[in-house]
Amino acid sequence: MPELRIEDVKLVGGRLAIDFANTVNRHQPEVEGERLRSYPALVAWGRHAGAISKEVTSRLLAVGQEDPEAAEAALHRAVDLREGLFRLFMATTYGEGPDPEDLSLLNATLSQALSHLRLTPEADALLLDWAEDDPCLERVLWPVVRSAGEVLSSPEDLSRLRHCAGEDCDWIFLDQSRNRSRRWCDMADCGNRAKARRFYAQRRAARGGHK
């Protein structure tokens, strides 16, 4: 897969946390197609995915520039969280129980994130939202872990969680098709490549049969 700008990374997972898990093409130990190569890339993804506002994006980039070491540490924690989420989601797709360490990491991050939720007046109602004036470098992760908690505690979402059938793809997604038959993260990418491979194999087989 060619290098992509963060703004070009497709959001096909169906949930924010799943899209976050899909910010790399192949997971460890052979990491391929890494999108989160820097703290600004993490922030750019958060803006691209709708996890943070334009104002929060600018604020986080400024804070990260002022303290690059802290920003780098926040990036490493984000990648560790992503890998943990991927393993939790994959365990579900194979009917396995969650790894205690991965669950502990998610719970710790979720606990920190939820402490920043606030009720604020909005028109004639109260809105439950994040504290927008908080300069925490891990602000991008707050809505991600909230989304992960919602997915992992939803029997409906878990029953639709799938791993892409593409040979070179580790992406996961919610199968929201009516008959639950979706196999690819994106038909335009992995689906078309699989079709092309089948077509090529069929042509080779046909040619061999006429020798």
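Considering only residues in the stretch 107-133 that are charged (D, E, K, R) and more than 23 Å from the chain's Cα centre (by Cα), the one that is surrounded by the most Cβ atoms within 10 Å (Cβ to Cβ) turns out to be ARG118.
Under the condition of being under 12 Å from ARG139 (Cα atoms) and in contact with a Gly (Cβ under 6 Å, 6 or more places away or on another chain), the residues counted in the stretch 105-125 number 1.
Residues that are at pLDDT 95 or above, among the acidic types (Asp, Glu), over 22 Å from PRO155 (Cα atoms) and out of contact with any Lys or Arg (no Cβ under 7 Å at 6 or more places or on another chain) do not occur anywhere in the stretch 120-131. Within the stretch 99-107, identify whether any single residue is in a loop (DSSP other than H, G, I, E, B), of a type outside the set (Gly, Ala, Ser) and modelled with pLDDT under 95, and answer yes or no. Scanning the stretch 99-107, I find no residue that is in a loop (DSSP other than H, G, I, E, B), of a type outside the set (Gly, Ala, Ser) and modelled with pLDDT under 95, so the answer is no.
Restricting the first member to the stretch 103-127 and to residues that are small (Gly, Ala, Ser), and the second to residues that are in a helix (DSSP H, G or I), the beta-carbon pairs closer than 6 Å and six or more apart or on different chains are ALA113/TRP142; ALA113/VAL145.
Filtering the stretch 48-98 to residues that are free of Cβ contacts under 8 Å to residues at least 60 places away in the same chain, among the small types (Gly, Ala, Ser) and within 28 Å of HIS163 (Cβ to Cβ) leaves ALA49, GLY50, GLY84, ALA91, GLY95, GLY97.
Scanning the stretch 161-189 for residues that are part of a loop (DSSP other than H, G, I, E, B), surrounded by 15 or more Cβ atoms within 10 Å (Cβ to Cβ) and touching a residue at least 24 places away in the same chain (Cβ under 8 Å) gives CYS164, GLY166, CYS169, ASP170, TRP171, CYS185, ASP186.
Scoring GLY50 on the criteria (1) of a type in the set (Gly, Ala, Ser); (2) over 18 Å from PRO135 (Cα atoms); (3) in a loop (DSSP other than H, G, I, E, B) leaves a single failure, condition (2).
Just to be sure, is CYS169 under 17 Å from the mean Cα position of the chain (by Cα) and hydrophobic (A, V, I, L, M, F, W, C)? Yes, satisfied.
Residues in the stretch 32-40: is at least one out of contact with any strand residue (DSSP E or B) (no Cβ under 9 Å at 6 or more places or on another chain), part of a helix (DSSP H, G or I) and touching a residue at least 12 places away in the same chain (Cβ under 8 Å)? Yes: the stretch 32-40 contains one or more residues that are out of contact with any strand residue (DSSP E or B) (no Cβ under 9 Å at 6 or more places or on another chain), part of a helix (DSSP H, G or I) and touching a residue at least 12 places away in the same chain (Cβ under 8 Å).
The condition (being modelled with pLDDT of 95 or more, touching a helix residue (DSSP H, G or I) at 6+ places or on another chain (Cβ under 9 Å) and in a helix (DSSP H, G or I)) is satisfied by just one residue among ALA62, ALA78: ALA78.
For the stretch 135-154, filtered to residues that are assigned to a loop (DSSP other than H, G, I, E, B) and in contact with a Phe, Trp or Tyr (Cβ under 9 Å, 6 or more places away or on another chain), the residue that is surrounded by the fewest Cβ atoms within 10 Å (Cβ to Cβ) is CYS136. Of the residues ARG35, ARG26, the single one that is of a type outside the set (Ser, Thr, Tyr), surrounded by fewer than 21 Cβ atoms within 10 Å (Cβ to Cβ), in contact with a Ser or Thr (Cβ under 8 Å, 6 or more places away or on another chain) and within 26 Å of LEU158 (Cα to Cα) is ARG35.
The values are calculated or read from the model by the stated rules, or taken from the named source; none is laboratory data. Every value quoted in this text rests on a predicted model; they were computed, and no experiment measured them. With ideal geometry, Cβ positions are generated from the backbone for all residues, glycine too; neighbour counts draw on all protein chains shown.
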